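Input: a single structure, listed below in structure tokens.
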Amino acid sequence: MQRTVLCFAGLLFAGSVIAVADDLDDSYAKLKSAVTAKEAAQVKELVPKVLALARELAAKPAPEGETEKANWEKSVKYAKDVELYTEYALYSVAVQSPAATMIDLWETLEKQNPKSKYFAAGYGPYLVALSQVGQAGRIR
């Protein structure tokens, strides 16, 4: 009986990881398409969903078995790579957008990760965008 319960619990864990991973894959593909199309509104809409799914997948506890643990480690790495891509998506579309959109996406990135590696490359265009929309006083 106890073995059956453990097997069932393992299946539930695997099922929840697979469901999150499938949702993440679908949302990630949509985000990549939006970035390619430079659809700023869609990127801004998809990033929080993709980020939440990636963080949910990365937060799953490590399973006991070696095979399951190896798969879990791959899933966690994938989730972290996707999380980093959400930052790239915001940065990439921001620097190719009109000033007001650029500012909006940039500030979304600042809220998501105040230490993003994309800030070094993007602050110049962000400051120019602030000047273009008459918000030079916000330059810090």
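Descriptive notes on the structure:
- Of K60/K111; K49/K117; K38/K69, those spanning more than 30 Å from alpha-carbon to alpha-carbon: K38/K69
- Whole-Hz couplings from phi, Karplus 6.51/-1.76/1.60, listed for region 48-62; x for Gly and Pro: x, 5, 4, 4, 4, 5, 5, 5, 5, 5, 5, 8, 4, x, 5
- Carbon/sulfur fraction of accessible area - region 70-140, other protein chains in place, 1.4 Å, %: 56 percent
The values are calculated or read from the model by the stated rules, or taken from the named source; none is laboratory data. Quick caveat: nothing in here was measured; it's all calculated off a predicted structure. SASA here: full protein model, heavy atoms, side chains in, ligands and nucleic acids out. Shrake-Rupley method; radii C 1.70, N 1.55, O 1.52, S 1.80 Å.
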